[in-house]
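Colleague: Structure provided below as C-alpha cells; questions to follow.
Taken together, the values in this text are just the output of simple stated rules run on the coordinates, not laboratory data. Quick caveat: nothing in here was measured; it's all calculated off a predicted structure. Don't worry about glycine lacking a Cβ; one is built from the backbone with ideal geometry, like all the others, and counts go over all protein chains shown.
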C-alpha cells in the first residue's frame, strides 16, 4: 500500500521492509536535526494496525502478552511482546486504548500473522480483533514538541511511548501531516527515523532480532516486559533468565569506520579476530555520530574489543550489559544518544 506522501516534493521511496513510504525528502541529515531540535513527523503508514473491541479486551491482552495491560488508561501507550512457549519474541506491539477499543501497531507485514494468533486465542471471551490497516495508518512524531501535537486529529495516540505513535484514518493521512506542519513541524523520512532509533539503542523487531531472540538480549525488560504480572506464554524463560542466569547474546551499538563508503547489510556477520560472534541488524548514517549500526553479539564478547561488521571496522558501545539477568539491572547507553527521549522526560 503506497503512501500518498510519496507525492511530496523530493520524496525518495524506501526499500526493503520500509517499502511504500519515503526514505527521505531530500536531506535526511536536516530531517534528523528537525526531529532532535523541535518536531518532525515520519510517515509510518506501512505499519500494520489492528483494533480489538469488546469489554474483555484489556484483561485478554494482559494474559497473552508480556506487559501489564489490565489498567491501561485511555491514550496511554505501552509496548508489549508476544513470546513463543520457549520465550522467543514472535511479535512486538505498540498499544493504546481509547476507552472503547485497543489499537495495536506492528511491523509492516506482520499484522495478518498477529491477527491469526489473536483470533485463535479468543475462546469464549468478549473480544473482537480485526486488521484495520486498510482504513487506518500510523504516523510517528519525533522531538520535544511531539506530545503537544495532533491531539484532536488523531484517532488515538500512544502517549509515553518513545517515539510517539498516533493512529489516524488513512484518508486523513495527508491532512494530519499538514496539521503537524502548521504546528511548526517538518516532514522526515525513514532514514532519519532509523538513524535516531539506532543511536538511541532501540531494537526493531525483525531487523535487530531473529527467531531465537529473547527479551533480555535486546533490552526489552522494563519497556516491553513487566516483571510483576501473572502468567503468560514464555514467562518461564523470562523469569529464569532474570533470576538465575544471563542471556546468551547482547545488543550493542556499533560505531562504524567513517572511511567506509557503504553500510553493512542486515544479517552481515559481526566478527572478532576473524570469527563470527553475531550479526548486524540495522545500520544508518547519523547526523552527528556518522555511520552506526546495531548488532546482536555473544554475551562473552569483551566490551572493549574492536569488531568488524560486514567487513567494516567497528567499536562497540554497551546497550545490554554482559551481566544482564540474574537480578542485575540492564544498563542502557541512552543518556548521551537519545535526545528525543531525554527531551520528553
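Colleague: What ranking, highest mean first, results for peptides 48-58, 109-119 when packing means the other Cβ atoms within 10 Å averaged over each residue?
Modeller: So the peptides 48-58, 109-119, ranked by packing, come out 48-58, 109-119.
Colleague: Based on the mean of other beta carbon atoms within 10 Å per residue, what is the order of 310-317, 180-187, most packed first?
Modeller: 310-317, 180-187
Colleague: I'm a student and want to see the number: the projected area of the Cα convex hull of the chain, averaged over all directions, in nm².
Modeller: It is 16.2 nm².
Colleague: On a C-alpha basis, how far is the centre of the range 231-272 from the centre of the range 151-203 in Å? Whole number, if you could?
Modeller: Answer, in whole Å: 27.
Colleague: Hey, can you rank 94-107, 237-250 by average C-beta count inside 10 Å, highest first?
Modeller: Top to bottom by mean Cβ count within 10 Å: 94-107, 237-250.
Colleague: So if each residue of separation counts as 0.36 nm, and I subtract the Cα-Cα distance between residue 313 and residue 261, what length gain in nm does that give?
Modeller: Contour length minus Cα-Cα distance gives 17.5 nm.
Colleague: Follow-up question, since we're still on this one. Could you compute how fast the range 89-135 diffuses translationally, taking Rh as the Kirkwood radius over C-alpha pairs and applying Stokes-Einstein at 20 °C with viscosity 1.002 mPa s? Give it in µm² per second.
Modeller: Diffusion coefficient, whole number: 184 µm²/s.
Colleague: Kirkwood hydrodynamic radius for the range 1-83: how many Å is it when counted over pairs of different Cα atoms?
Modeller: Here the Kirkwood hydrodynamic radius works out to 15.8 Å.
Colleague: Using helices alone, I'd like the mean residue ellipticity at 222 nm for the chain: each DSSP H run of four-plus residues gives -39500 (n - 2.57), total over residue count, nearest 500.
Modeller: Computed ellipticity for the chain at 222 nm equals -5000 deg cm²/dmol.
Colleague: So how much slack lies between residue 30 and residue 70, counting 0.36 nm per residue of separation and subtracting their Cα-Cα distance, in nm?
Modeller: 10.3 nm
Colleague: Run the paramagnetic zone check for residue 148: 7 angstrom along Cα to Cβ, then residues of the range 5-47 with backbone nitrogen under 20 Å.
Modeller: Answer for this model: 33-42.
Colleague: Of all alpha-carbon pairs in the range 112-218, indicate the percentage at a distance above 18 angstrom.
Modeller: Beyond 18 Å sits 63 percent of the P(r) for the range 112-218.
Colleague: So, one more: First obtain the Kirkwood hydrodynamic radius of the range 248-319 from its Cα pairs, then insert it into the Stokes-Einstein equation at 20 °C and 1.002 mPa s, and state the resulting D in µm² per second as a whole number.
Modeller: In µm²/s, the coefficient is 184.
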